[in-house]
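All remarks here apply to the structure that follows.
Since every read-out is calculated from the coordinates, none of them should be taken as a lab result. All figures in this text were calculated on a predicted structure; none of them were measured in a lab. Quick reminder, even Gly has a Cβ in these numbers, built from the backbone with ideal geometry, and neighbours come from all protein chains shown.
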Amino acid sequence: MSFTRRQILTGLAGLGVVGLAGSGARYWLGRPADITTHDYELIAAPLDVELVPGHVTSAWAYGGQAPGLELRGRQGDWLRVRFINNLPEPTTIHWHGIRLPLEMDGVPYVSQLPVLPGEFFDYRFQLHDAGSFWYHPHTSSAAQLGRGLVGPLIVEEREPSGFRHERTLNLKSWHVDKQGAFTEFSVPREAARGGTPGVLSTVNGTHAPTLDLPAGQVVRLRLLNLDNTLTYRLNLPDSEARIYALDGHPVAPMPLGKEYWLGPGMRIDLALKVPEAGTELSLRNGPLRLATLRSVAHDEVPGDWPPALPANPVAEPDLQRAETLRFNFEWAGTLSTDAAQGGAYTFWQINGEAWDINDKTCADRPIATLKKDGHYIFELRNLSQYQHPIHLHGMTFKVISSNRRKIDPWFTDTYLLGKNETARIALVADNPGVWMFHCHVIDHMETGLMAAIEVV
């Protein structure tokens, strides 16, 4: 760790937590401060949105929109975000998939204290990897993400990618009723199963929108699953679509195929050859339409498939000398003794240990301690009948094998561990600190399926 827990709790000197004082009443919606250097002032605040036609939903939003303001930077540059909390409760920002210093990771009582109402925090980190990433809180996660606190972070390649056109598609299912009022974000009996699903699917905050794309062009579609719970079975019937990146990291271009399972927190970059003007394609979750992609006339010369994206500078694990660690993800089914403090049920555990979301000291007891720059293989065993998108903070790992399907190895930060699946991932522990290791089905995480991994 770059600093101790005692140092965190006694001041966070130099990390940029500052009260707004008299300026705290400013209700700015978030604006680029200097677009040439990708600096942002990002404000979290209540926002009324119309998810259900004719009804108002009292959401929480970043930058005056839900999902939040799209932040963009360029690979190799520094991203500097002044985050202002205009919410009625404390919060933080975690930068999902970004390799950064621990003090910028946004986990309360591990990397920083929560940002209190009326305060701001300066996040500053270098963007080592190009790709599609996102940001969200790590405080009261089910409720805060459920209310709308999610947003995309796009890191452009150092050099032109070859794509002349692109669109970001934020996928989110909302927990609302027919009048747009929020329902429970986590129901215990659902948290003990596959997680509590939302019922209203949206793309960029709109249910089943029609999105115009330029005819004859190859468009980069960045699809981000910002959902609390749902795994999307993405498919684009009757289309020419190729996969160019998974979870922010390039892969050899390949056909999309019949469908791709995109778990919570996961991302996929598709290249879509847009058909002739007037054609409509259906972007679906299984049989359910998420959006209509409509081809409109365009005056540019038709585009061709771009070359493969350049690899990110991730250290290659040496499998021959890697140490193997085993992690069992399993059902627990017990009730926390302090459930009265916030309903801290324990339904899930890793290697027989469950994270108590109300215990601020859990990170002091890491489930594994890794040597800095050591090479490791994690064997992930799912001993349940439910899927778990397993996410590791601070580092990138390589998926190398599975007992359930053929694996063409790729780098990622989140792996969708299927029912009764055993998968092997490999990494170089090159980032010191205490890092969260958890399922990204949010109410699985909040009911035990989380741990800390320390790199020293």
Stretch Ala315-Ile407 to full length: gain in nm at 0.36 nm per residue minus the Cα-Cα span?
31.2 nm
Amide H to amide H, which residues 5 or more places from Leu51 or on other chains are under 5 Å from it, using H placed in the peptide plane?
Thr57
How much of the pair distance distribution for segment 165-296 lies past 25 Å, counting alpha-carbon pairs only, in percent?
27 percent
Length-normalised contact order of the chain in % [C-alpha pairs under 8 Å, at least 6 apart]:
13 percent
Computed curve, segment 65-200, Cα-only Debye sum without solvent term, log₁₀ I(q)/I(0) at 0.21 Å⁻¹, is -1.30
I'm spelling it out carefully: the read-out is semi-axes √(5λ) of the Cα gyration tensor in Å, the candidates are [x] 49, 25, 18; [y] 31, 27, 24; [z] 38, 33, 18, and one was derived from this structure. Which label?
[y]
Once R0 is set to 25 Å, what does the formula 1/(1 + (r/R0)^6) return for the Cβ-Cβ distance between Asp359 and Glu89, expressed as a FRET efficiency to the nearest 0.05?
0.85
Is the shape of segment 129-230 rounded, prolate or oblate, going by the alpha carbon gyration tensor and its root eigenvalues a ≥ b ≥ c, with a/c under 1.5 for rounded and a/b larger than b/c for prolate?
prolate
Compute the relative contact order of segment 165-296 as a whole-number percentage, counting only Cα pairs closer than 8 Å that sit 6 or more residues apart in sequence.
28 percent
At most 15 other Cβ within 10 Å, DSSP loop - trypsin sites (Lys or Arg not before Pro), segment 276-328:
Arg321
Given a cut-off of 28 Å, name the pairs among Lys372/Lys398; Lys371/Lys406; Lys372/Lys419; Lys360/Lys406; Lys172/Lys371; Lys372/Lys406 whose C-alpha atoms lie farther apart than that in the structure shown.
Lys371/Lys406; Lys372/Lys419; Lys360/Lys406; Lys172/Lys371; Lys372/Lys406
Sorted on mean Cβ neighbours within 10 Å (highest first), peptides 52-64, 127-139 come out as 127-139, 52-64
With a 10 Å radius around each residue's Cβ, average the other Cβ atoms per peptide and rank 251-261, 175-185, highest first.
175-185, 251-261
From the phi angles alone, apply the Karplus equation (6.51, -1.76, 1.60; θ = phi - 60°) to segment 310-327 and give each ³J(HN,Hα) in whole Hz, x where the residue is Gly or Pro.
x, 5, 7, x, 9, 5, 7, x, 8, 5, 6, 10, 6, 7, 9, 10, 10, 10
Simple spin-label model, 7 Å along Cα-to-Cβ: Ala277 to Glu50 in nm?
3.0 nm
For Ala208, list long-range residues whose amide hydrogen, built 1.01 Å from N in the peptide plane, is under 5 Å from its own amide hydrogen.
Val203
The equivalent-ellipsoid semi-axes of segment 30-126, taken as the square roots of five times the Cα gyration tensor eigenvalues and listed largest first in whole Å, are 24, 17, 12
